[in-house]
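The values are calculated or read from the model by the stated rules, or taken from the named source; none is laboratory data. Only a predicted model underlies this, so the values are computations on that prediction, with no experimental measurement involved. When we count neighbours, we look across all protein chains shown, and the Cβ atoms used for this are built from the backbone with ideal geometry, even at glycine.
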Amino acid sequence: MNIHHQYIRPIAIAGVLFATPMAVFAEAECPAGYPSGPIDFVVAYGAGGGTDAIARMLATQLEENMGWTIPVSNKPGAGGGVMMASLLGEAADGLTVGVGSTNTVTLDPYANEGIDFTWESFDYPGTAMAVTFGLVALADAPYSTLEEFIDFARENGRATVSTSAIAIEIAVQRIAEHYDVNLIPVPGNGAADALQSALGGHVDATIQGSQHIQQIEAGNMKQLSTLVSERVSYAPDTMTTIESGVNVTAGAYVLFVLPKGVDPAIQTCLEGAIAEATASDAYTELMANFNTTPANLGSAGAVEFIQNQAAEYQAIFAARNN
Amino acid sequence: MPDISIVFSGLADAFTLGNLLYILLGVTLGQIVGAIPGLSILMALAIAIPLTYSLDTLTAISFLISINKGGTIGGAVPAILLNTPGTPESAATALDGYPMAKKGQGGKAMKYSLYYSVFGDVSSDIVLITVSLPLAALALKMGPIEIMTLMILAFTVIAGLVGSSLVKGLMSVAFGFLLASVGLDPAMGSARFTFGFIELVDGVPLTAIAVGMLAVSEIFVKISEFVVPTEGEDATDSAQVFDKGDQNVTFAELWANRVVAFRAMVIGTVIGAIPGLGSTTAGFLSYSISKQSAKDPEAFGTGDPRGIAASEAANSAVVGANLIPLLTLGIPGNIAAALLVSAFIIHGVQPGPLLFERQGQLIYGLFGAMLIANVFNLIVGQFGMRFWAMIVSAPAKVVYGGALLLCITGMYFAAGGVFGLVIMLAAAVIGYIMRLTGFSVIAFIVAFVLTPQLERSINQAILITDGDFSELAHHPIAIGLLVASVFAIYFLGPWKKRESLIK
């Protein structure tokens, strides 16, 4: 497993703009009197999961670095939506920090009715990890690249791709539209279910975030295409969708969220403190266990990423509903 | 076959003092949490995972698996003694366990439950250790089309659970369908019947429904009996469950139900090895098949040890078998297994096809720990029985009042606040009315548990086959399951019971 001791390697487009060196944040400057009590970390997913582990690890780092007290609780439901909705009612005193996913604010407000928030309802002091997606198929499939897969779909009249989230279904549909072929997303009950359908040969391919990596290493599967703007270390020869000329990506970040209107001085303090925690050795080691490296876009970078992705999804759903 | 030295050094790793203590602690914790209605094993696992960050990998995973194993024993306790199953899978145990306890043989019922549970657990562990690779390959053949037909078979088999009236039973099933359809529509990905509650997007929470319908509604029934005592039954005295003489179970008595127990173990292992199903499905399927295929189905539900064997051996066998897809393919079979995946990853171990190759010693250490946990389960279970016997010897008003309090506080934690609590209490009121009017709560729960999987696999099957039924010809397993469904309706359907009643 490679552990890169680089502090930030954001994978998204937004990352290029965020080239500020880490040292700037190494000492977080906090206003006097903050925090006036414990800072609650509210995780948008259940205890025992990946985001939960990230939040708990970073909370421990912040407690060590800053001397703060940070209890971690979980508010799972609706793909992170329950936690986001609950933040709307929290005081903007910087004592409640949500830990969720960018997808919940970029996609959900447009995909579902009755969502009370948009991405503009919150502030974002930083991100913690990037999730990258790949299109993968069984190793003995008669196609090895996105282009060959598209040809296969064209010859057969259709090809099925198991998926685990709306964002991924949309990515499949957009790739299909780009090439004008019939790709059918088959929604599974989570990533494991989608992977199982592909491993059993019940679908022609699947889009996965991380569970397929060891399948590739074991020689059971191959990656046809990488759905973010840079190639990934476990499939260095696989082209990205951008390289293939398809402007479709599906990336997400583990995201810190604040209720709107927190004192800018406190926001700067939190941004700095979180950046220091995501750069720690202990956190880098946890990321290595997840087969990745820390990815903190910082506040400005997070907003930029979210704004761009939200605009994309808004346009897609507006076009669908017409 | 892995290197024999790795097998032995792995097994030896399991026998450190620290490991043994954590396994003992895990099993005990699991039995207690499982026995308390309202607290769920999933919740215990989720809370325990962050506590294991500082332990070494084998100890951490052994501890978590021990909690899970302990839970399969503990869940049956309140089901048998109070008829308030703390988990949906132990509801099938209550069907015969509680009538047996009411006859004054509560200790006997608990022993049957403990022994058959450990039997199911040990057997499926042995299957996991010896033939997990071929079984996992077989489980992969179960795609959406096969799962869909398996669900159809499950619905035909559980016909034996509809209760005395077929019409009322079917109405309960329909209600289960309806309530299970709340949440994200698997075909469109849009929210359905959520009435603006974002909490309902993931569906009505199963734990809240199960604890409300099965446990709290029964507590309501009991509390109402304190007010208006029913004739010939002294509801205020729950100590009578240990009244009638010998509470021991002999080997001959256990051996007498060997066919039922073995079949239950096979059903549990197969269901456990297929990702996405789970112990509730296994327990009810096994119970229903045993009942409907028995010469005397009317004996079931009156305190028949075969009922306990069918339920407990099956739902416990799921725990070991669930690790088959997890350890061989990296695919978690249910939520408990998914929590184990995150524990593995946090400790730097990637579950997947290379796990045996890269972490052979750890896996055999884990197998060793699982076998030790089974032994501890048996020992702790024996001691636990005396403890539970003491608890229920308290006045019934205290026992049921305390149980209600635990359900409420437990649900508040498990469901993350008041919303789950409201759902639980609403389910309890509906369950109470259903009990009073003769609608089967069990039929409702089973339909509620099976429906999401049925709907999802129908949707997937339609997408994969492009709606073309002739595609079925390429799926021999699915055809076999459909044929089995027809047989199940004919041979296991409720008509048999009618005939025997007419006679």
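Would it be correct to say that A:Pro109 is within 13 Å of another protein chain (Cβ to nearest Cβ), surrounded by fewer than 24 Cβ atoms within 10 Å (Cβ to Cβ), in contact with a strand residue (DSSP E or B) (Cβ under 7 Å, 6 or more places away or on another chain) and not β-branched (Val, Ile, Thr)? Reasoning before the result, please.
Working: within 13 Å of another protein chain (Cβ to nearest Cβ): yes; surrounded by fewer than 24 Cβ atoms within 10 Å (Cβ to Cβ): yes; in contact with a strand residue (DSSP E or B) (Cβ under 7 Å, 6 or more places away or on another chain): no; not β-branched (Val, Ile, Thr): yes.
Here the answer is no, as A:Pro109 does not meet what is asked.
Evaluate the following for A:Ile168: is it under 25 Å from B:Leu277 (Cβ atoms) and more than 10 Å from chain B (Cβ to nearest Cβ)? Talk me through it step by step, then tell me what you get.
Details: under 25 Å from B:Leu277 (Cβ atoms): yes; more than 10 Å from chain B (Cβ to nearest Cβ): yes.
Yes; evaluated as a whole, the condition is true for this residue.
What helices (runs of 4 or more DSSP H) completely inside the range B:264-340 contain at least 2 residues that are touching a helix residue (DSSP H, G or I) at 6+ places or on another chain (Cβ under 6 Å) and among the charged types (D, E, K, R)?
Numbers: elements: B:279-293, B:305-321, B:323-329.
Ranges flagged: B:305-321.
Scan A:Gly114, A:Gly94, A:Gly77 and give me the residue that is at pLDDT 90 or above and at positive phi. Steps first, please.
Numbers: A:Gly114 fails: at pLDDT 90 or above; A:Gly77 fails: at pLDDT 90 or above.
Step by step, each of A:Gly114, A:Gly94, A:Gly77 is checked, and only A:Gly94 is at pLDDT 90 or above and at positive phi.
I'd like the residue in the range A:92-112 that is closer than 28 Å to A:Asn322 by Cβ and part of a loop (DSSP other than H, G, I, E, B) and, out of all such residues, is nearest to the chain's Cα centre (by Cα).
A:Leu107
Would you pick out the residues in the range A:223-245 that are acidic (Asp, Glu) and either touching a strand residue (DSSP E or B) at 6+ places or on another chain (Cβ under 8 Å) or at the interface with chain B (Cβ under 9 Å from one of its Cβ atoms) (or both)? It would help to see each step written out before you state the result.
Residues of the range A:223-245 that are acidic (Asp, Glu), as a first pass: A:230, A:237, A:243.
If the condition is that a residue be acidic (Asp, Glu) and either touching a strand residue (DSSP E or B) at 6+ places or on another chain (Cβ under 8 Å) or at the interface with chain B (Cβ under 9 Å from one of its Cβ atoms) (or both), then A:Glu230 is the only one that fits.
Considering each residue of the range A:37-60, count those that are more than 8 Å from chain B (Cβ to nearest Cβ), in contact with a Ser or Thr (Cβ under 7 Å, 6 or more places away or on another chain) and surrounded by fewer than 21 Cβ atoms within 10 Å (Cβ to Cβ), and give that number.
Going through the range A:37-60 one residue at a time, the tally reaches 2.
Only one of A:Ala141, A:Ala153, A:Ala137 is more than 9 Å from chain B (Cβ to nearest Cβ), of a type in the set (A, V, I, L, M), buried (at least 20 other Cβ atoms within 10 Å of the Cβ) and not in a strand (DSSP E or B); which?
On the way: A:Ala141 fails: buried (at least 20 other Cβ atoms within 10 Å of the Cβ); A:Ala137 fails: not in a strand (DSSP E or B).
Sole residue among the options that is more than 9 Å from chain B (Cβ to nearest Cβ), of a type in the set (A, V, I, L, M), buried (at least 20 other Cβ atoms within 10 Å of the Cβ) and not in a strand (DSSP E or B): A:Ala153.
Mind checking whether some residue in the range B:479-490 is at pLDDT below 90, surrounded by fewer than 15 Cβ atoms within 10 Å (Cβ to Cβ) and not basic (Lys, Arg)?
yes
Do any helices (runs of 4 or more DSSP H) lying entirely in the range B:1-118 carry at least 1 residues that are under 24 Å from the mean Cα position of the chain (by Cα), and which ones are they?
Of the helices (runs of 4 or more DSSP H) lying wholly inside the range B:1-118, those with at least 1 residues that are under 24 Å from the mean Cα position of the chain (by Cα) span B:17-35, B:41-51, B:57-74, B:76-82, B:91-100.
Any idea which of (1) in contact (Cβ under 8 Å) with a residue 24 or more places away in the chain; (2) hydroxyl-bearing (Ser, Thr, Tyr); (3) surrounded by fewer than 24 Cβ atoms within 10 Å (Cβ to Cβ) is the one A:Thr278 doesn't satisfy?
A:Thr278 satisfies all of (1) in contact (Cβ under 8 Å) with a residue 24 or more places away in the chain; (2) hydroxyl-bearing (Ser, Thr, Tyr); (3) surrounded by fewer than 24 Cβ atoms within 10 Å (Cβ to Cβ) except (3).
In the range A:110-141, what residues are without any contact (Cβ under 8 Å) to a residue 60 or more places away in the chain and touching an Asp or Glu at 6+ places or on another chain (Cβ under 8 Å)?
Within the range A:110-141, just A:Ile115 meets the criteria.
Out of A:Asn189, A:Asn220, I need the residue that is without any contact (Cβ under 8 Å) to a residue 40 or more places away in the chain, surrounded by fewer than 23 Cβ atoms within 10 Å (Cβ to Cβ) and within 7 Å of another protein chain (Cβ to nearest Cβ). Which one? Write out each step before concluding.
Values: A:Asn220 fails: without any contact (Cβ under 8 Å) to a residue 40 or more places away in the chain.
So the residue among A:Asn189, A:Asn220 that is without any contact (Cβ under 8 Å) to a residue 40 or more places away in the chain, surrounded by fewer than 23 Cβ atoms within 10 Å (Cβ to Cβ) and within 7 Å of another protein chain (Cβ to nearest Cβ) is A:Asn189.
Identify the single condition in (1) under 21 Å from A:Ala302 (Cα atoms); (2) more than 10 Å from chain B (Cβ to nearest Cβ) that A:Met83 does not satisfy, given that it satisfies every other one.
(2)
Does the range B:309-324 include one or more residues that are surrounded by 24 or more Cβ atoms within 10 Å (Cβ to Cβ), within 14 Å of chain A (Cβ to nearest Cβ), more than 30 Å from B:Trp255 (Cβ to Cβ) and under 23 Å from the mean Cα position of the chain (by Cα)?
No - not one qualifying residue is present in the range B:309-324.
May I ask you to verify whether A:Thr160 is touching a His at 6+ places or on another chain (Cβ under 9 Å), hydroxyl-bearing (Ser, Thr, Tyr), part of a strand (DSSP E or B) and at the interface with chain B (Cβ under 10 Å from one of its Cβ atoms)?
Working: touching a His at 6+ places or on another chain (Cβ under 9 Å): yes; hydroxyl-bearing (Ser, Thr, Tyr): yes; part of a strand (DSSP E or B): yes; at the interface with chain B (Cβ under 10 Å from one of its Cβ atoms): yes.
In short, yes.
Is there a residue being surrounded by fewer than 24 Cβ atoms within 10 Å (Cβ to Cβ), under 28 Å from B:Gly330 (Cβ atoms), among the polar types (S, T, N, Q) and free of Cβ contacts under 8 Å to residues at least 60 places away in the same chain anywhere in the range B:115-130?
Checked the range B:115-130: at least one residue is surrounded by fewer than 24 Cβ atoms within 10 Å (Cβ to Cβ), under 28 Å from B:Gly330 (Cβ atoms), among the polar types (S, T, N, Q) and free of Cβ contacts under 8 Å to residues at least 60 places away in the same chain.
Looking only at the range B:126-137, decide whether some residue is within 13 Å of chain A (Cβ to nearest Cβ), over 21 Å from the mean Cα position of the chain (by Cα) and under 25 Å from B:Phe487 (Cα atoms).
no
Under the condition of being free of Cβ contacts under 8 Å to residues at least 40 places away in the same chain, under 24 Å from the mean Cα position of the chain (by Cα) and assigned to a helix (DSSP H, G or I), which residue from the range B:403-419 is farthest from B:Pro85 (Cα to Cα)?
Initially, the range B:403-419 is screened for residues free of Cβ contacts under 8 Å to residues at least 40 places away in the same chain, giving B:405, B:412, B:416-418.
Next cut, under 24 Å from the mean Cα position of the chain (by Cα) only: B:405, B:412, B:416.
Pick out the ones that are also assigned to a helix (DSSP H, G or I) and you get B:405, B:412.
Details: B:Leu405: 15, B:Tyr412: 18 Å.
Selected residue: B:Tyr412.
Filtering the range B:347-363 down to residues that are within 27 Å of the chain's Cα centre (by Cα) and in contact (Cβ under 8 Å) with a residue 24 or more places away in the chain, which residue is farthest from A:Asn220 (Cα to Cα)?
Top of the filtered list is B:Ile363.
Let me spell it out: the conditions are (1) more than 12 Å from chain A (Cβ to nearest Cβ); (2) surrounded by fewer than 24 Cβ atoms within 10 Å (Cβ to Cβ); (3) in contact with a Pro (Cβ under 7 Å, 6 or more places away or on another chain), and B:Phe356 meets all of them except one. Which number is the exception?
Status for B:Phe356: all satisfied but (1).
Residues of the range B:159-187 being over 27 Å from B:Phe491 (Cβ atoms), surrounded by fewer than 21 Cβ atoms within 10 Å (Cβ to Cβ) and over 24 Å from the mean Cα position of the chain (by Cα), which ones?
Passing the criteria: B:Asp185, B:Pro186, B:Ala187.
Which is more than 9 Å from chain B (Cβ to nearest Cβ), more than 30 Å from A:Val97 (Cβ to Cβ) and of a type in the set (D, E, K, R), of A:Asp263, A:Asp204, A:Asp281?
Working: A:Asp263 fails: more than 30 Å from A:Val97 (Cβ to Cβ); A:Asp281 fails: more than 30 Å from A:Val97 (Cβ to Cβ).
Within the list A:Asp263, A:Asp204, A:Asp281, the selection yields A:Asp204.
Residue check: is A:Ser210 of a type in the set (Ser, Thr, Tyr), surrounded by fewer than 24 Cβ atoms within 10 Å (Cβ to Cβ), in the same structural domain as A:Ala153 (by TED's automatic domain parsing) and in contact (Cβ under 8 Å) with a residue 12 or more places away in the chain?
Considered against the rule, which asks whether it is of a type in the set (Ser, Thr, Tyr), surrounded by fewer than 24 Cβ atoms within 10 Å (Cβ to Cβ), in the same structural domain as A:Ala153 (by TED's automatic domain parsing) and in contact (Cβ under 8 Å) with a residue 12 or more places away in the chain, A:Ser210 comes out as yes.
Of all residues being out of contact with any Asp or Glu (no Cβ under 7 Å at 6 or more places or on another chain) and in a loop (DSSP other than H, G, I, E, B) in the range A:245-270, which is farthest from A:Glu120 (Cα to Cα)? Just the residue, please.
Step by step, filter the range A:245-270, then rank; the result is A:Gly245.
In the set B:Ala427, B:Ala415, which member is within 14 Å of chain A (Cβ to nearest Cβ) and within 24 Å of B:Val201 (Cβ to Cβ)? Give the steps one after another, and end with the answer.
Details: B:Ala427 fails: within 14 Å of chain A (Cβ to nearest Cβ).
Step by step, each of B:Ala427, B:Ala415 is checked, and only B:Ala415 is within 14 Å of chain A (Cβ to nearest Cβ) and within 24 Å of B:Val201 (Cβ to Cβ).
With within 24 Å of A:Pro38 (Cα to Cα), in the same structural domain as A:Met57 (by TED's automatic domain parsing) and not charged (D, E, K, R) as the only criterion, which of A:Leu297, A:Leu258, A:Leu286 stands out? Show your work before the answer.
Values: A:Leu297 fails: within 24 Å of A:Pro38 (Cα to Cα); A:Leu286 fails: within 24 Å of A:Pro38 (Cα to Cα).
Result of the check over A:Leu297, A:Leu258, A:Leu286: A:Leu258.
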